[in-house]
Amino acid sequence: MEQFEIPMESFVIDALKTIYDPEIPVNIYDLGLIYEINVEGKDVRILMTLTAPNCPVAETLPEEVMEKIKAIEGVGEVEVNLTFDPAWSQDNLTEEAKLELGLL
C-alpha cells in the first residue's frame, strides 16, 4: 500500500482556518487576508493583510498567525509579513465566506 505525504501547506491552511477576525465571524484564510503561503523545506513564510490598516488587531493578529504556524509539527522558521498593497476588499472573500456572510 502506497503512503502519501500531506504537503506542509495543507497543515498551514488548516491552522490559518482556526484564526478568526474578531469583527467578522469568518476565519482569516476564507476572508482572503492571506496573500501568500511559501513553504521552503521546513520554513514557512506568510504574506498577509488586514481588513483595514487601523484594524484593532494589527498588533496581535500577525503574532497569532506566527504562533499557530510554529505549533505545527515539523515547522522550522516562521516569518509573517504584513502588507496593505493591494488593500483588502470583499473580492478577496472565498465563496464559502460570502455564503456565510449572506453576500451570495
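The values are calculated or read from the model by the stated rules, or taken from the named source; none is laboratory data. Everything quoted here is computed from the prediction, not taken from an experiment. Heads up, the Cβs are rebuilt from the backbone with ideal geometry, glycines too, and the neighbour counts pull from every protein chain shown. To get the accessible areas, we keep the full protein, side chains included, count just its heavy atoms, and leave off ligands, DNA and RNA. Shrake-Rupley method; radii C 1.70, N 1.55, O 1.52, S 1.80 Å.
Collect the residues in the stretch 68-81 that are open to solvent by less than 90 Å² (accessible area, probe 1.4 Å), of a type outside the set (S, T, N, Q) and modelled with pLDDT of 95 or more, keeping them in residue-number order.
Residues of the stretch 68-81 open to solvent by less than 90 Å² (accessible area, probe 1.4 Å): 68-69, 71-72, 74-76, 78-81.
In the following step, the residues that additionally are of a type outside the set (S, T, N, Q) were identified as 68-69, 71-72, 74-76, 78-80.
Once the filter is applied, which keeps residues that are open to solvent by less than 90 Å² (accessible area, probe 1.4 Å), of a type outside the set (S, T, N, Q) and modelled with pLDDT of 95 or more, the stretch 68-81 yields Lys68, Ile69, Ala71, Ile72, Val75, Gly76, Val78, Glu79, Val80.
Run Glu5 past the list (1) touching a residue at least 12 places away in the same chain (Cβ under 8 Å); (2) part of a loop (DSSP other than H, G, I, E, B) and report the number of the one that doesn't hold.
Evaluating Glu5 over (1) touching a residue at least 12 places away in the same chain (Cβ under 8 Å); (2) part of a loop (DSSP other than H, G, I, E, B) leaves (1) as the failure.
I'm told Pro25 meets every condition in (1) open to solvent by less than 40 Å² (accessible area, probe 1.4 Å); (2) within 30 Å of Leu103 (Cβ to Cβ); (3) in contact with a helix residue (DSSP H, G or I) (Cβ under 8 Å, 6 or more places away or on another chain); (4) assigned to a loop (DSSP other than H, G, I, E, B) except one. Can you identify the failing condition by its number?
Result: Pro25 passes all but (1).
Sort out which residues of the stretch 1-31 are modelled with pLDDT under 95, more than 22 Å from Ala52 (Cβ to Cβ) and aliphatic (A, V, I, L, M), and write them in order of number.
Of everything in the stretch 1-31, those that are modelled with pLDDT under 95, more than 22 Å from Ala52 (Cβ to Cβ) and aliphatic (A, V, I, L, M) turn out to be Met1, Ile6, Met8.
Among the residues in the stretch 35-52, are any within 26 Å of Leu99 (Cα to Cα), hydroxyl-bearing (Ser, Thr, Tyr), open to solvent by less than 50 Å² (accessible area, probe 1.4 Å) and part of a loop (DSSP other than H, G, I, E, B)?
Checked the stretch 35-52: at least one residue is within 26 Å of Leu99 (Cα to Cα), hydroxyl-bearing (Ser, Thr, Tyr), open to solvent by less than 50 Å² (accessible area, probe 1.4 Å) and part of a loop (DSSP other than H, G, I, E, B).
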